[in-house]
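The values are calculated or read from the model by the stated rules, or taken from the named source; none is laboratory data. Remember, predicted model here, so these are calculated numbers, not experimental data. A quick note on method: Cβ atoms are made from the backbone with ideal geometry, for glycine too, and the neighbour counts reach across all protein chains shown. These accessible areas exclude ligands, DNA and RNA; they are computed on the full protein's heavy atoms, side chains included. Shrake-Rupley method; radii C 1.70, N 1.55, O 1.52, S 1.80 Å.
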Amino acid sequence: MLVLGIESTAHTFGVAIIDDNLNILSDIRRVYSPKRTLGIDPKEAAEHHSQIAAYAVKEALEKANITYRDLSAVAYAMGPGMGPCLRIGATIARFISEYFRVPLYPVHHGLGHVELTSQMLGLEDPLILLISGGHTSILGFSEGRWRVYGETLDITLGNLLDMFAREAGIPFPGGPKIEELASKGSRLIEMPYTIKGNNMVYSGLLTYAISILNKYPLEDICYSLQETAFSILVEATERALVQLNKREIGITGGVASNTYLFNMVRKMADEHNVHVARLESKYNADNAVQIAIVGLLYKKTGHPPVGAEKAIVKQRYRIEEVEIPWRQ
Ligand code: AMP
Ligand code: MG
């Protein structure tokens with residue numbers, strides 16, 4: 001069984017082909033980088049995707065050494081994401097499905113991060129931290145769906161880092177540079193620490209960090225920003241962990257590449273004898289393997305594919321809306 005996945009929710013246009021043993025036959029990624037340091041411009045990103053899309057599909061097939069006729073399914077990221085970007089991926093997927101008579105599966109992008117991490121790391125019933133530019137959620141599987149046990153009430157952790165970076169003159173994406181600068185900081189500046197119930201609030205922290213930009217060394221601000229933002233997340237995670245009694249934690253999404261955060265979560269989890277894991281950085285960033293893997297799970301469980309007319313995109317799309325037929 002061979003499944004082709006297409007990712008196009010934001011900056012990355014990806015095409016991947018996997019088989020039913022989760023072997024990755026190809027994993028093509030074309031990443032748009034903003035011309036200015038202003039973050040992603042959806043129209044500019046969609047223009048980038050539309051220019052390279054056909055070549056990326058061709059390259060994925062050639063690399064896997066197969067043709068369209070060998071495909072068992074095609075999956076695309078339905079959302080959440082930027083409308084103009086999503087439509088490029090959906091259009092290509094519809095065309096492949098209709099023209100070559102291949103079953104079509106729309107996929108929730110966040111679910112892709114969650115299942116790629118769980119399946120590749122062999123996690124059975126994990127608590128998942130999905131932390132990226134688009135999500136900051138604490139998830140656990142219960143009664144047929146991935147449920148949210150804590151999330152940001154305003155901006156995501158990725159947005160917090162990228163928006164602060166922009167004000168500090170650090171190009172997009174800001175996360176890796178902030179991590180590097182933070183490692184050279186040592187002074188903890190007190191910053192707004194807001195947690196409501198089990199949910200995080202980051203906008204006050206962002207405003208404050210920006211307001212002190214010229215008052216302290218940038219390294220110390222980055223160190224304090226990370227320490228504060230990550231502590232809020234770890235506090236909420238610990239509560240969810242105890243409440244749900246999970247034995248493993250999977251961390252995924254672009255911000256999962258942050259090793260300082262990974263170690264903070266691990267330190268907390270060690271106290272509960274809970275195992276913490278993440279994939280290598282390459283698979284925490286947006287990619288099409290995560291979309292293909294969900295397509296494969298749908299196909300394997302006999303989930304009905306959609307006709308091209310129902311293959312829509314959803315800019316806002318919550319993970320609890322998705323029924324999961326392959327988990328008990
Ligand atoms: P995604 O939305 O999954 O593509 O993830 C992109 C986000 O991950 C951006 O907000 C980046 O700033 C962030 N990111 C990438 N690497 C790191 C890192 N080492 N530390 C913190 N954030 C990171
Ligand atoms: Mg993502």
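Looking at Gly254, is it within 12 Å of ligand 1 (Cβ to nearest atom) and of a type in the set (Gly, Ala, Ser)? Talk me through it step by step, then tell me what you get.
Working: within 12 Å of ligand 1 (Cβ to nearest atom): yes; of a type in the set (Gly, Ala, Ser): yes.
In short, yes.
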statement: Across (1) in a loop (DSSP other than H, G, I, E, B); (2) on the phi < 0 side of the Ramachandran plot; (3) more than 16 Å from ligand 1 (Cβ to nearest atom); (4) surrounded by fewer than 20 Cβ atoms within 10 Å (Cβ to Cβ), Gly302 clears everything bar (2)
query: Any idea which of (1) at pLDDT 95 or above; (2) more than 12 Å from His109 (Cα to Cα); (3) not assigned by TED's automatic domain parsing to the domain that holds Lys246 is the one His275 doesn't satisfy?
result: (3)
- request: Filter region 143-162 down to the residues that are open to solvent by 20 Å² or more (accessible area, probe 1.4 Å) and in contact (Cβ under 8 Å) with a residue 60 or more places away in the chain, then identify the one that is farthest from ligand 1 (Cβ to nearest atom).
  value: Gly144
field: Boolean, Ser118 is under 17 Å from Val294 (Cβ atoms), out of contact with any helix residue (DSSP H, G or I) (no Cβ under 7 Å at 6 or more places or on another chain) and either surrounded by 24 or more Cβ atoms within 10 Å (Cβ to Cβ) or outside the structural domain of Gly81 (by TED's automatic domain parsing) (or both)
entry: yes
query: List, please: which pairs have Cβ atoms under 7 Å, are six or more places apart or on different chains, and start with a residue in region 1-14 that is under 18 Å from Tyr298 (Cβ atoms) and within 13 Å of ligand 2 (Cβ to nearest atom) and end with one that is at pLDDT 95 or above and of a type in the set (Val, Ile, Thr)?
result: Glu7/Ile291
- request: Could you tell me whether Lys35 is open to solvent by 30 Å² or more (accessible area, probe 1.4 Å), more than 14 Å from ligand 1 (Cβ to nearest atom) and either in contact (Cβ under 8 Å) with a residue 12 or more places away in the chain or aliphatic (A, V, I, L, M) (or both)?
  value: no
Condition met for Leu123 (assigned to a strand (DSSP E or B), modelled with pLDDT of 95 or more, closer than 16 Å to Asn284 by Cβ and within 20 Å of the chain's Cα centre (by Cα)): no
- request: State whether one or more residues within region 306-315 are open to solvent by 20 Å² or more (accessible area, probe 1.4 Å), within 21 Å of Ser26 (Cα to Cα), in contact with a helix residue (DSSP H, G or I) (Cβ under 7 Å, 6 or more places away or on another chain) and modelled with pLDDT of 95 or more.
  value: no
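Out of everything in region 165-195 that is more than 10 Å from ligand 1 (Cβ to nearest atom) and within 22 Å of the chain's Cα centre (by Cα), what residue ends up being surrounded by the fewest Cβ atoms within 10 Å (Cβ to Cβ)?
By that ranking, first place goes to Pro171.
Would you say Ile24 is open to solvent by less than 40 Å² (accessible area, probe 1.4 Å) and in the same structural domain as Pro304 (by TED's automatic domain parsing)?
On the way: open to solvent by less than 40 Å² (accessible area, probe 1.4 Å): no; in the same structural domain as Pro304 (by TED's automatic domain parsing): yes.
Considered against the rule, which asks whether it is open to solvent by less than 40 Å² (accessible area, probe 1.4 Å) and in the same structural domain as Pro304 (by TED's automatic domain parsing), Ile24 comes out as no.
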query: Restricting region 196-224 to residues that are within 23 Å of Arg239 (Cα to Cα) and among the aliphatic types (A, V, I, L, M), which is most open to solvent (accessible area, probe 1.4 Å)?
result: Val201
- prompt: Inside region 20-54, can you point out the residues that are more than 21 Å from the chain's Cα centre (by Cα), part of a helix (DSSP H, G or I) and within 20 Å of Val102 (Cα to Cα)?
  reply: Ala54
message: With the requirement that a residue be open to solvent by 10 Å² or more (accessible area, probe 1.4 Å) and farther than 16 Å from Gly174 by Cβ, what does region 244-258 give you?
response: Leu244, Asn245, Lys246, Arg247, Glu248
task: Would you be able to say whether some residue in region 282-298 is under 17 Å from Leu157 (Cα atoms) and open to solvent by 10 Å² or more (accessible area, probe 1.4 Å)?
output: yes
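Out of all the residues in region 163-174, is one or more in contact with a strand residue (DSSP E or B) (Cβ under 9 Å, 6 or more places away or on another chain) and assigned by TED's automatic domain parsing to the domain that holds Leu225? I'd like the intermediate steps shown before the answer.
Of the residues in region 163-174, the ones in contact with a strand residue (DSSP E or B) (Cβ under 9 Å, 6 or more places away or on another chain) are none.
Checking region 163-174: not a single residue is in contact with a strand residue (DSSP E or B) (Cβ under 9 Å, 6 or more places away or on another chain) and assigned by TED's automatic domain parsing to the domain that holds Leu225.
Would you mind finding the one in Ile128, Ile155 that is under 18 Å from the mean Cα position of the chain (by Cα), within 16 Å of ligand 2 (Cβ to nearest atom), farther than 25 Å from Gln328 by Cα and of a type in the set (Val, Ile, Thr)? Let's see the steps before the verdict.
Working: Ile128 fails: farther than 25 Å from Gln328 by Cα.
Among Ile128, Ile155, only Ile155 is under 18 Å from the mean Cα position of the chain (by Cα), within 16 Å of ligand 2 (Cβ to nearest atom), farther than 25 Å from Gln328 by Cα and of a type in the set (Val, Ile, Thr).
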message: Go through (1) more than 17 Å from the chain's Cα centre (by Cα); (2) among the β-branched types (Val, Ile, Thr); (3) not in a helix (DSSP H, G or I) for Ile92 and report which single condition fails.
response: (3)
